[in-house]
Amino acid sequence: MKPLGEYEVWLVTGSQEMYGDETLRQVAANSKRMAAELDSSPVLPVRVVHRPVVTSSESIATTCRDANASDSCVGVILWMHTFSPARMWIAGLQAIRKPLLHLHTQFNRDLPWAEIDMDFMNLHQSAHGDREFGYLATRMQVARKTVAGHWEDPQVVGRIATWARAACAWQEAQHLTIARFGDTMRHVADTEGDKVEAQIKLGVAVNGYGVSDLSDAIRAVPGAAIDDLVQRYEQEYDLAPELAEGGDRRGALLEAARIEAGLRGFLAAGRHGAFTDTFENLDGLRQLPGLAVQRLMADGFGFGAEGDWKTAALVRLVKVMATGLPGGTSFMEDYTYDLDPAAPKVLGAHMLEVCPSIARSRPRCEIHPLSIGSRSDPVRLVFDADTGPAVVAGMTDLGERFRIVANVVDIVDAGHELPRLPVARAVWQPRPDLRTAVEAWLIAGGAHHTVLSRAVGPEPLADFAEMAGIEFVLIDEETRVSAVQKELRWNAAYYHLVRGL
Ligand code: MN
């Protein structure tokens, strides 16, 4: 089973009747082989399903409607093996609701220079057919990803796989519900947003609950469930002595397990894939959930602190994109800076809630006072993030549209022990450099909460934004602030126009 093997993308090949049966048989055989080889590629996380070659307006429209109706089809790959007059694609492209990838490839990689004749020229004619298709799709303003290159080239397969991962996240977004316990942290602006618009644009449903609903579920947790979880904590983490059996804070560990079991049960009962909480609304909860949130994130749940449902959604969606890939994904916050000019860095962390999927080594399970809020000391996992390239991304609600801002960063070794910092953390150097990245982030209105992923780069986020029709701003090694400033101005005009009256 592939990591996202319950999902499939369809390979739909365009041609036309004019070529006759023999050519069309060859087109079908070639596209079948292409689908089979892509399907067997371990890089592609989903199934690749071959669909019959389409040669008419009716067969194209039917295929597109079938794709819309299929629960397992998350996207459609389109390729014109031969010249395929594009007017017959109009009805299909008007109907299609699934993400599209326009694959501009050719079955034969090399030309048979000594044997090439006009039959070969007409059979392998995507250079013409895909230009014709691209023109029409552009004229109809059809959102799509375009990938050019030979279909056996690992780079091409990799980019198809990235798009397929984004398409799985898009499918997930259409079903994702987020449980929101309490409201936004008081007076905070960038974690706010329009939940109705989010459901229209992304599919994501954000549903509020009283914290007492959750605390009732937590109080109802049976003792056996607590014992079972504590046993797992002992296996998976190095427990601080005061939390170990017989330790004087053991009760706090049992309470943390009770919170985890209650939260898990609540989320499962409501089929929620993500959640938020806030330390300002903890009615009935004895600790701010720390360990529970960390472990739920490690199991794939999205999370946003302080009522931040936009980041909760993004964490869940990136976790779906990253399914089966090495490297973890976590909720994150740019917390503080090391501005040593030799190598300026960001210290990312949160009060408690960093996902252990990004840990460099076995986490320690500790208990410390929380310097804000009024509850008992919360139990949490403490660790350093694994080093290497990563992406941080945040979603902003600009009032009239959503914008995802992403920055490619390098997580580095802090070079120092942090003996008095009682939370999990990641230290990184933003690309191209801290000054440029942060200036670009600030003028783009990038949020203070983010998702950090070591498993994926920025490309599936860009693909996802294209599927959703929302804005995407990338900050990476090629970024210049002056160019971002212009891009933001152009985007403001574009999105205003495309939105209409
Ligand atoms: Mn925060």
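Read the figures in this text as sums done on the coordinates, not as results from a lab. From a predicted model like this one, the values you see are computed outputs, not experimental measurements. So basically every Cβ, Gly included, is an ideal-geometry build from the backbone, and we count neighbours across all protein chains shown.
Taking every residue in the range 290-315 that is without any contact (Cβ under 8 Å) to a residue 12 or more places away in the chain and pairing it with any residue that is in a helix (DSSP H, G or I), at least 6 positions away or on another chain, the pairs with Cβ-Cβ distances below 9 Å are Asp299/Arg264. Taking the range 459-501 as the range and being in contact with a helix residue (DSSP H, G or I) (Cβ under 9 Å, 6 or more places away or on another chain) and at positive phi as the test, only Gly469 passes. Taken over the range 95-110, the criterion of being in contact with a Gly (Cβ under 6 Å, 6 or more places away or on another chain) and not charged (D, E, K, R) is satisfied by Pro99 alone.
For Phe83, the conditions (1) hydrophobic (A, V, I, L, M, F, W, C); (2) touching a His at 6+ places or on another chain (Cβ under 7 Å); (3) surrounded by 22 or more Cβ atoms within 10 Å (Cβ to Cβ) all hold with the exception of (3).
Out of Leu296, Leu291, Leu317, I need the residue that is of a type in the set (A, V, I, L, M, F, W, C), away from the ligand (no atom under 15 Å from the Cβ) and within 19 Å of Ala390 (Cα to Cα). Which one?
Leu317
Checking each residue in the range 434-457 for being more than 16 Å from the ligand (Cβ to nearest atom) and farther than 20 Å from Lys486 by Cβ picks out Leu434, Ser453, Arg454, Ala455, Val456, Gly457. Phe279: more than 15 Å from the chain's Cα centre (by Cα), within 18 Å of Ala179 (Cα to Cα), within 16 Å of the ligand (Cβ to nearest atom) and assigned to a strand (DSSP E or B), yes or no? For Phe279, the condition - more than 15 Å from the chain's Cα centre (by Cα), within 18 Å of Ala179 (Cα to Cα), within 16 Å of the ligand (Cβ to nearest atom) and assigned to a strand (DSSP E or B) - is not met.
Each row is one residue, and each column tells you yes or no for (1) in contact with a strand residue (DSSP E or B) (Cβ under 9 Å, 6 or more places away or on another chain); (2) surrounded by 19 or more Cβ atoms within 10 Å (Cβ to Cβ); (3) of a type outside the set (D, E, K, R).
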{"site": "Gln199", "(1), (2), (3)": "yes, no, yes"}
{"site": "Asp228", "(1), (2), (3)": "no, no, no"}
{"site": "Gly246", "(1), (2), (3)": "no, no, yes"}
{"site": "Leu253", "(1), (2), (3)": "yes, yes, yes"}
{"site": "Gly270", "(1), (2), (3)": "yes, no, yes"}
{"site": "Phe275", "(1), (2), (3)": "yes, yes, yes"}
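When His187, His124 are checked against the criterion of being farther than 30 Å from Arg264 by Cβ and within 16 Å of the ligand (Cβ to nearest atom), a single residue qualifies: His187.
Picking from residues in the range 330-357 that are over 17 Å from Trp441 (Cα atoms) and of a type in the set (Asp, Glu), the one that is nearest to the ligand (Cβ to nearest atom) is Glu353.
Being acidic (Asp, Glu) and crowded, with 22+ Cβ neighbours inside 10 Å: is that true of Asp130 here? Judged against the criteria, Asp130 is a match.
In the range 441-462, of all residues being over 26 Å from Asp386 (Cα atoms) and in contact (Cβ under 8 Å) with a residue 12 or more places away in the chain, the one that is surrounded by the most Cβ atoms within 10 Å (Cβ to Cβ) corresponds to Ala444.
How about the range 142-245: which strands (runs of 3 or more DSSP E) wholly inside it have at least 2 residues that are small (Gly, Ala, Ser)?
205-209
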